[in-house]
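K.L.:
My questions all concern the structure below.
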Amino acid sequence: MKFKKLVQLMLVCSIVLSCVCMGVGAVEATERRATGKFSMDIAADTMVKANSSFPLEVGEVITIKASYSPFSASVDFGVIAPDGFFYYVNVKDGSIDQGIEVEQPGHYTLAVRNNSSNRISVSGYVNY
């Protein structure tokens with residue numbers, strides 16, 4: 001009987017010690033993000049592309065925060081994807097604060113298209 005209790009006690013102690021001595025690990029998730037400032041004058045009915053591109057993966061979001069004048073102009077803010085397609089958001093009130101989700105991996109280029117018949121001035125930030 002004493003032997004049985006001794007074995008039970010040893011089992012309980014080993015279980016408790018294995019739980020207490022179990023290694024715990026943590027992984028820090030780092031997200032690569034960057035912000036770029038831009039400022040440009042765009043002639044009527046013209047598209048202007050940024051000088052550099054940035055790499056993105058599927059599901060990442062590019063956020064564009066900008067304003068332009070004259071406020072009455074129709075302007076397309078967006079990115080040119082690796083396949084050459086222009087993904088954009090049309091704005092008609094002078095400012096944008098919007099994200100565009102990436103659907104394919106690769107290098108993207110910021111682009112702004114002035115749809116109006118007047119020259120516009122644009123400035124803002126892109127976060128990717």
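K.L.:
Could you please let me know if Asp97 is at pLDDT 95 or above and either touching a Lys or Arg at 6+ places or on another chain (Cβ under 8 Å) or hydroxyl-bearing (Ser, Thr, Tyr) (or both)?
P.N.:
Values: at pLDDT 95 or above: yes; either touching a Lys or Arg at 6+ places or on another chain (Cβ under 8 Å) or hydroxyl-bearing (Ser, Thr, Tyr) (or both): yes.
It is true that Asp97 is at pLDDT 95 or above and either touching a Lys or Arg at 6+ places or on another chain (Cβ under 8 Å) or hydroxyl-bearing (Ser, Thr, Tyr) (or both).
K.L.:
Restricting attention to the range 51-71, which residues are modelled with pLDDT of 95 or more and among the hydrophobic types (A, V, I, L, M, F, W, C)?
P.N.:
Passing the criteria: Leu56, Val58, Val61, Ile62, Ile64, Ala66, Phe71.
K.L.:
Follow-up question, since we're still on this one. Output the number of the condition that Val89 fails; it satisfies all remaining conditions of (1) free of Cβ contacts under 8 Å to residues at least 40 places away in the same chain; (2) in a loop (DSSP other than H, G, I, E, B).
P.N.:
(2)
K.L.:
Restricting to the range 34-49, name every residue that is among the hydroxyl-bearing types (Ser, Thr, Tyr) and at pLDDT 95 or above.
P.N.:
If we filter the range 34-49 for residues that are among the hydroxyl-bearing types (Ser, Thr, Tyr), which is where we start, we get 35, 39, 46.
Result: Ser39, Thr46.
K.L.:
For the range 117-128, give me the residue count where each residue is surrounded by 18 or more Cβ atoms within 10 Å (Cβ to Cβ) and either more than 13 Å from the chain's Cα centre (by Cα) or of a type in the set (Phe, Trp, Tyr) (or both). Steps first, please.
P.N.:
Kept after step one, since they are surrounded by 18 or more Cβ atoms within 10 Å (Cβ to Cβ), are these residues of the range 117-128: 120, 122, 124, 126, 128.
Next cut, either more than 13 Å from the chain's Cα centre (by Cα) or of a type in the set (Phe, Trp, Tyr) (or both) only: 120, 122, 124, 128.
So the count comes out to 4.
The values are calculated or read from the model by the stated rules, or taken from the named source; none is laboratory data. Predicted model, so just to flag it, every value in this text is computed and none were measured. All Cβ positions, glycine included, derive from the backbone under ideal geometry; neighbour counts span all protein chains shown.
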